[in-house]
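We did not get these values from a lab; they are worked out from the coordinates using the rules stated. Bear in mind the structure is a predicted one, so any value in this text is a computation, not a measurement. All Cβ positions, glycine included, derive from the backbone under ideal geometry; neighbour counts span all protein chains shown.
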Amino acid sequence: MTPLGADPGIDPARRRDPPTNDSKSETTVTNTQKFTRPLVLAAAAALALPSAMAQAPGKLKVGLMLPATGTFAVIGTAVENGFKLYVAEQGGKLGGREVEFVKVDDESDPSKAVDNVNKLIKRDNVDVLVGSVHSGVAMAMAKSAKDSGTLLIVPNAGADAVTGPMCAVNIFRSSFSNWQPGYAMGQAMAAKGHKTAVTITWKYAAGDEMARGFKEAFEKAGGKVTKELNLPFPNVEFQALLTEIAAAKPDAVFSFFAGGGAVKFVKDYAGAGLKKNIPLYGTGFLTDGTLEAQGADADGVMTTLHYADALNTPRDTAFRLAYVKSYKQQPDVYAVQGYDAAQMLGIGLAAVKGDVGKKAEFAAAVRKATIDSPRGKFTISKSHNPVQDMYLRQVSGKENKVVGVASKALEDPGRGCRM
């Protein structure tokens, strides 16, 4: 590169000015040097400025694609609250970059998911996607993230394919796969001596996959699923199916519902008189964040999940106190998952100094880490799903109290992942 101010056709090392004995000429040269030196320094500084500006990290745009309306709205709020709590604890920055949020209400509607996620990626140019609750929506998000290379952290939806066939270096989950809590409950119900079971769920990815996980473990242990019942999401007309359960007379019932649907199902199950003779079990979403509305009808219901009330660990206690202080309500599993999504993002960004383009290095740092979660410490599998304990919980009063660990450090098999 030619030095600033040099003649590009002459080698400065060989250049010679003509000799002169004129003192006035010497004075002129000296004055010229005094005048040009500041200009040269200013020009050099100006040339260096764009480079310095390019290296300065801008704001980190996080696209929150969560339900703000409909059946899962309360879950979306809890996820968002948990995520923002962790960011606030870090002074509003992750990986040295100030966090800016862009929000889209996904309405838990898979038919709108592609348009919604493209708004965040193409219109808003977000650096990171966080979402969603509904498994069908998360599937669309995962496809768009995989195609565009945008970093995605799923803070709830358990669609097995996200960390299965659709796995990618830039896709992570901070919650669970649908297989995990279902499989753990299959183990727990078999251990309690139940030989027959009926499953009842919403007919969509989450319900289907949790029921399959349950059936895999339950029948592996010698049990038999005698009937598989479902209804379209978000239908809550349970009466006809409850009549079928009463007629089938299984040893127990395994269920998956969440949010408002879970409230109505638990109340309807008790109202139909089934609770007294046919014990009700489910994945933890049946009673998480819903106990206030379910009241006494939920008492005694047993569920499996990666979080529980009153774990009474220092980490969980600190989290719960901070959450209550910030939001004036108790946290649930959804808040924990949002909190841990932000933790995982922070771990990865710290390793790459805020550069979301370094996907391989980001992924390596997250896989290497042990996440110190309110749920208990967990790691991330090769397919980017949590490897975590699944607790067996029982509703007592207004708490999901731990009875034991249904499955220790349960790792999703990641079937179909080619990463």
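For the stretch 296-415, what percent of Cα pairs sit more than 19 Å apart?
That tail contains 54 percent of the Cα-Cα pairs.
Which of the peptides 343-350, 178-185, 354-361 is most tightly packed, and how do the rest follow, going by the mean number of other Cβ atoms within 10 Å of each residue?
So the order, starting with the most tightly packed, is 178-185, 343-350, 354-361.
Just to confirm the number: angle between the C-alpha axis of helix 179-191 and the first principal axis of the chain, 0 to 90 degrees, nearest 10?
The angle comes out near 30 degrees.
Let me know the Kirkwood hydrodynamic radius for the stretch 112-252, please, with Cα pairs as the basis and the value in Å to one decimal.
16.5 Å
Past the 14 angstrom mark, what percentage of all C-alpha to C-alpha distances in the stretch 344-418 do you count?
I get 67 percent for the Cα pairs in the stretch 344-418 exceeding 14 Å.
With axes computed from alpha carbons, what is the tilt in degrees of helix 259-271 against the longest principal axis of the chain, rounded to the nearest 10 within 0 to 90?
Taking Cα atoms only, the helix is inclined about 10 degrees.
If we sort 275-284, 231-240 on the protection proxy, mean other Cβ atoms within 10 Å, highest first, what's the order?
Highest to lowest by the protection proxy: 275-284, 231-240.
Using the alpha carbons of the chain, what is the convex hull volume per residue in cubic angstrom, as a whole number?
So the per-residue hull volume is 171 Å³.
Looking at the chain only, what percent of DSSP beta bridges run antiparallel? Nearest 5 please.
30 percent
Please give the peptides 241-250, 137-146, 84-93, 211-220 ranked by average Cβ packing (other Cβ atoms within 10 Å per residue), highest first, as a rough proxy for protection.
137-146, 211-220, 84-93, 241-250
Tell me the label-point distance for the pair residue 329, residue 228, using the 7 Å Cα-to-Cβ offset, in nm and rounded to one decimal.
3.5 nm
When all alpha-carbon pairs of the stretch 180-305 are counted, what percent fall beyond 17 Å?
50 percent
Counting alpha carbon pairs within less than 8 Å and at least 6 residues apart, what relative contact order, in whole percent, applies to the stretch 180-305?
Averaging sequence separation for qualifying contacts and normalising by length gives 28 percent for the stretch 180-305.
Please list, ordered by chain and number, the residues whose modelled amide H lies under 5 Å from the amide H of residue 66; skip anything fewer than 5 residues away on the same chain.
104, 106
Between residue 60 and residues 5 or more places away or on another chain, which pairs have amide H atoms under 5 Å apart, with H built 1.01 Å from N, and which residues are they?
It is 98, 99, 100, by chain and number.
Please report, to two decimal places, log10 I(q)/I(0) for the stretch 230-375 at q = 0.11 Å⁻¹ as given by the Debye formula with identical point scatterers on the Cα atoms and no solvent.
Cα-only, vacuum Debye calculation for the stretch 230-375: -0.58.
How far is the Cα center of the stretch 123-151 from the Cα center of the stretch 302-345, in Å?
With the stretch 123-151 and the stretch 302-345 each reduced to a Cα centre, they are spaced 24 Å.
Between 0 and 90 degrees, rounded to the nearest ten: what's the tilt of helix 73-89 against the longest Cα principal axis of the chain?
40 degrees
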